[in-house]
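A short write-up of the structure that comes next.
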Amino acid sequence: MLEITNISKTFHPGSVNEVFALQNVSVTLNDGDFLIIIGTNGSGKSTLLNAVAGSFITDSGKISLSGHDITKWPEHKRASLIGRVFQNPFSGTAPTMTIAENLSLAAKRGKPRGFNWALDKQLQSELRDRIRTLNMGLEDRLGNAIGSLSGGQRQALTLLMASWLKPDLLLLDEHTAALDPKSADQVIRLTKEIIERDRLTTLMVTHSMQQAVHLGNRIIMMHKGQIIHDYKGATRQGVRSEDLLHRFEEVRRREQVDVRVAELLQRMYV
Amino acid sequence: MSLFLGALTIGLILSLLALGVYMSFRVFKFPDITAEGSVTFGAAVSAVLLVQGMDPGISLLAAFAAGAVAGAVTGILHTKCKINELLAGILVMTALYSVNLHVMGKSNIPLVDAKSTSTVAEKIGARIFGQTTDLNWFGWEVSIRDAGMLISMFAVVAAAALILLMFFQTNLGTAIRATGDNPQMIRALGVDVDIMMILGLAISNGLIALAGALLAQYQGFADVQMGIGMMVWGLASVIIGEALVGSNKQGLVVTGTVIGSVLFRLLVAIALRWGLNPNDLKLITALFVFAALVGPTIGRSFMNKRGNQPSGRTV
């Protein structure tokens, strides 16, 4: 279970570049929940994900996962509970190392690493079997450097790596945004498969309303560092991508009104 | 002949330095100039121990440990104190100069009378060849000491390279390599990249200090100046090695680095024989590394103009 309680984060506080990236955000995920986060650019959706992953320490609030208070944990310590896939397909794998070596690194996620062989016999046969489930023909290329693979293949492998040891929480940060449509479909299908098979608690950020509607059991919409809408339970069932787009349009209009009112007031009073 | 053997032996000794530079510069992409201080640090520590009658093997272990400490300090300065990579190295290198003087007590320690690795090597040579007089190799007179030293150094370097390669295949070793390759990724897999970098630089400088200790014992003295230019020297070996094997498979590159170091030393010996002014040696070495660093880039832009895709890797 993931409990995010009133977390806030301000970047560059006190300067002209001050950004209130997260403002008192609270969300609770039960085990097996698959939460989709959508929002405009700069709405704080990726920041929320990074806050959970530990890319930075929040200014206030509390994050707890599986009974641990992880608020002050550094990123590498949180990794023992969290599997993660990045937006950039290059971010999730070590390019000059082989496919097998990369997977062996993932097989030790959050565990002590000593002087045993990274690729022992047992792991080698296991990873061949698990890579075969990707249906990408990579099981015959285990000795190839990951850098020689396409973005889609790398992202599929990253997904496999993030879920190799069943994580308490899976974080997906627009992990198909940088892929061509065909690879994106493939990776999404794989995502769905893995999450359903292992019943992983998942937090996924996406730009695609299609993905938002077709995946997951809950959607939150963020704007200016706050959650402005939460579709869950029965409301989530009936939601269509048009509804989400409509909602976005509303937000945009309200903002325009805000700007206009501000201008009006300025003219009247300044 | 003894010139040739000497060049081979020094080339082998300095290949440990090259392996250390490979570790920092290629695995971590960290231009670690601590090397210049570590070479002398290793030489100083082992020389002082040998003069006190300590076992040569122990003096080498102590040298490795001393270098490892120096490397770890650079690593801590960079990761924990957020000091720029080059500056962290420069700080430790500069500090080591005084440390080395303190360790040695003077700027030069002769080791001619002390029981050192060369003494041991001489005994090994005598045992292998079953004689204590000079050998006759292909019509050349070779002293048993030189032959023994060459064989011993070959064994030491082969063992070091093999251990390093094996280490790179362990869980810890792969984590260290991944730290250099993609820190973001390995952090997300639960590895403290700061610790990995500190550990990696410790191993790197340990090897470099070991090279310094062996060099001092081979040439018969430790000198506080002996580290100058060593970083570039190691780089040259790594670059030659990579050019030789033309691949970035780790096993090949490590082997290539050793060969590169020996080859480079031989080239230098030949150049000196042909009348190269020894004062120009460092200048030539620097020019060589410059050419090797810039060459591929120029070659690539030339290829691009002709409509080909770049294939080389950036340095």
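The values are calculated or read from the model by the stated rules, or taken from the named source; none is laboratory data. What you see is a predicted model, and the numbers here were worked out from it, not measured in a lab. Note: ideal-geometry Cβ built from the backbone for every residue, glycine included; neighbour counts use all protein chains shown.
Please report, ordered by residue number, the helices (runs of 4 or more DSSP H) entirely within region B:119-200 with at least 3 residues that are in contact (Cβ under 8 Å) with a residue 60 or more places away in the chain and closer than 23 Å to B:Val258 by Cα.
Ranges flagged: B:144-167, B:171-181.
Step by step: first the residues of region A:63-97, then only those that are assigned to a strand (DSSP E or B) and out of contact with any helix residue (DSSP H, G or I) (no Cβ under 7 Å at 6 or more places or on another chain), then the one that is surrounded by the fewest Cβ atoms within 10 Å (Cβ to Cβ). Which residue is that? Give the steps one after another, and end with the answer.
Taking region A:63-97 first, the residues assigned to a strand (DSSP E or B) are A:63-65, A:68-69, A:82-85.
When the remaining residues are screened for being out of contact with any helix residue (DSSP H, G or I) (no Cβ under 7 Å at 6 or more places or on another chain), the result is A:64-65, A:68-69.
Working: A:Ser64: 15, A:Leu65: 22, A:His68: 14, A:Asp69: 11.
Per the criteria, the residue is A:Asp69.
Of all the criteria given as (1) among the aliphatic types (A, V, I, L, M); (2) more than 13 Å from chain B (Cβ to nearest Cβ); (3) assigned to a helix (DSSP H, G or I); (4) touching a Ser or Thr at 6+ places or on another chain (Cβ under 8 Å), the one not satisfied by A:Ile131 is (4). Of all the residues in region B:117-135, those that are β-branched (Val, Ile, Thr) and closer than 21 Å to B:Val48 by Cα number 3.
Scanning region A:63-106 for residues that are more than 14 Å from the chain's Cα centre (by Cα), facing another protein chain (nearest Cβ under 7 Å) and hydrophobic (A, V, I, L, M, F, W, C) yields A:Ala94, A:Met97, A:Leu105, A:Ala106. Can you find even one residue in region B:217-237 that is touching a strand residue (DSSP E or B) at 6+ places or on another chain (Cβ under 6 Å), crowded, with 24+ Cβ neighbours inside 10 Å and either more than 14 Å from every other protein chain (Cβ to nearest Cβ) or assigned to a helix (DSSP H, G or I) (or both)? Yes, region B:217-237 has at least one match.
Does B:Thr94 fit the bill of being away from chain A (no Cβ under 14 Å), part of a loop (DSSP other than H, G, I, E, B), among the β-branched types (Val, Ile, Thr) and surrounded by fewer than 21 Cβ atoms within 10 Å (Cβ to Cβ)?
Taking the combined requirement at face value, the residue does not satisfy it.
Return yes when B:Thr74 is of a type in the set (Ser, Thr, Tyr) and touching a Ser or Thr at 6+ places or on another chain (Cβ under 8 Å) and no when it is not. When the stated conditions are applied, B:Thr74 passes them.
Rundown of residues vs (1) away from chain B (no Cβ under 14 Å); (2) farther than 20 Å from B:Ala188 by Cβ; (3) modelled with pLDDT under 95, yes/no style:
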| position | (1), (2), (3) |
| --- | --- |
| A:Asn144 | no, yes, yes |
| A:Ser148 | no, yes, yes |
| A:Leu159 | no, no, no |
| A:Leu171 | no, no, no |
| A:Lys182 | yes, yes, yes |
| A:Thr202 | yes, no, no |
| A:Val213 | yes, yes, yes |
| A:Gln237 | yes, yes, yes |
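Restricting region A:35-62 to residues that are of a type in the set (A, V, I, L, M, F, W, C) and touching a helix residue (DSSP H, G or I) at 6+ places or on another chain (Cβ under 6 Å) leaves a set whose member that is nearest to the other protein chains (Cβ to nearest Cβ) is A:Ile37. Determine whether region B:181-190 contains at least one residue that is within 24 Å of B:Leu17 (Cα to Cα), surrounded by 20 or more Cβ atoms within 10 Å (Cβ to Cβ) and within 14 Å of chain A (Cβ to nearest Cβ). Looking through region B:181-190, at least one residue is within 24 Å of B:Leu17 (Cα to Cα), surrounded by 20 or more Cβ atoms within 10 Å (Cβ to Cβ) and within 14 Å of chain A (Cβ to nearest Cβ).
Inspect all residues belonging to region A:41-48 and state whether any of them is of a type in the set (Ser, Thr, Tyr), over 15 Å from the mean Cα position of the chain (by Cα) and assigned to a loop (DSSP other than H, G, I, E, B). Taking every residue of region A:41-48 in turn, none turns out to be of a type in the set (Ser, Thr, Tyr), over 15 Å from the mean Cα position of the chain (by Cα) and assigned to a loop (DSSP other than H, G, I, E, B).
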